[in-house]
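Below: the structure, in structure tokens.
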Amino acid sequence: MKPAVALLGLVLLLDATFAAEESCVGRCGIFNPLTKCQCDSMCVYYGSCCGDFDNICPKKVARGDTFEEPDGVTETVTTTMIESTPKDLPPTFNTVAETTTAYPQPPTTQGPQTTQGPTPPVDPDPAVCSGEPFDAFLQLKNGSIYAFRGEYFFELDDTSVLPGYPKLIEDVWGISGPIDAAFTRINCQGKSYIFKGNKYWRFDGDVLDDDYPRDISVGFDGIPDDVDAAFAIPAPSHLGKEKTYFFKGDKYYQYEFKHQPSHEECVQMSRSSPSVLFSRYTDLFCDQTLEDLFIELFGSSFSSPHTGPRYTSRDWQGIRAPVDAAMVGRVDVSDMFEESTTQDDKSTPVQNVYFFKRDKYYRVDLQTKRVDSASPPYPRSIAKYWLGCKSEETPDASRAEKR
């Protein structure tokens, strides 16, 4: 009888152990490669969550675009607004000669006449508020944002340019400026890419990976040389594909990455060098599945197969090609029924992307591919809302592009 009781106790113990391995009780936020299911924030992305994950683990909400608040977005622009967009955007900053008051001058003694050569032109690229166009905007996996112009680049904080900038691109990145485009992959690795001519460089943060640069034709099949702009969006799950949009002239191209790190590899990478950009997606849990969430964010086009080039102005309504630069923004989650307290409240995620053209920029809803309608309207001044420059109007700190 005693052996039977001992065996029964062992069976119950093993059953409780296996049950514990299949539950998130006491395991929220933890990845264990030895258990059957997981309870960390990336388990939704990898489809490895325990059955009680949604009930046991508290949900996190990632809030805020690069704005602290959605900044008065009401609806997407209409065809009338698109057609009224000026073909040639007037520059925000004009070079005005400084005026001085003329005073009577005392007589001077005539001396030897010296001939002065022409004054060398001043390079406007290192001047933050010159109004010159930017070549690229890049957000690293740690959230740092850089703006590239000519041979120089600037680092941006929430409202303006950080002290100590500009710096030479070649001194920090090892590439002679100007560059053509840049983007960061939104996965747990968070590699950053810089493009120039027919070459591209890959970085881990700001550290160049070995065996780079490489030819664009080798690393990005079907993507042309000398691109104008690029940005990346994440995969809907580990079974899906990350996508990058490239813009050149009046067309844009889509490229899908073929490889994704495993769940265990992702956890190890995140411990040593986490990607803030990727965490914003894996921490965003709504009532729908992650794939449904991505359809809301990016539209059904995120899962479309790789196709040839398409016309930018035809698909991205309100954007006139060519563009100078592009950068994907944060996900904004706004409550559709802010005053309601019922369990039927629904959060609507919005993914924005920024297009930069000359001294102006546009904010586009990636799901609809339309320029947002806001007050003041787009296009807006890069210098005023991204660089903290003073223009003809008084800067409005509340509407600065929050990073």
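Taking the average, over residues, of other Cβ atoms within 10 Å as the packing measure, peptides 154-164, 135-145 rank 135-145, 154-164 from highest down. Among the listed pairs Lys141/Lys258; Lys241/Lys360; Lys243/Lys369; Lys199/Lys258; Lys251/Lys357, those whose Cα-Cα separation exceeds 22 Å are Lys241/Lys360. In terms of the mean number of neighbouring beta-carbon atoms within 10 Å, the peptides 360-371, 209-220 order highest first as 360-371, 209-220.
When Cys49, Cys43 are compared by accessible area of protein heavy atoms, the largest-first order is Cys49, Cys43, using a 1.4 Å probe.
Quick check: at a probe of 1.4 Å, how many percent of the accessible area of region 188-275 sits on carbon and sulfur atoms? Could the numbers behind the result be given before it?
On the way: 1720 of 3790 Å².
C and S atoms contribute 45 percent here.
Using R0 = 51 Å, the C-beta based FRET efficiency linking Asp52 and Asn142 works out to 0.95.
With a 1.4 Å probe and every protein chain left in place, work out the accessible area per residue of region 116-259 in Å², rounded to a whole number. Walk me through the numbers on the way to the answer.
Numbers: 6010 Å² over 144 residues.
It amounts to 42 Å² per residue over region 116-259.
Computed from the C-beta positions of Thr368 and Leu168, the FRET efficiency with R₀ = 30 Å rounds to 0.15.
The values are calculated or read from the model by the stated rules, or taken from the named source; none is laboratory data. Computed from a predicted structure; not experimentally measured. Neighbour counts are summed over all protein chains in view; Cβ atoms, including those assigned to glycine, are modelled from backbone coordinates with ideal geometry. These area figures cover heavy atoms from the full protein model, side chains too; ligands, DNA and RNA do not enter into them. Shrake-Rupley method; radii C 1.70, N 1.55, O 1.52, S 1.80 Å.
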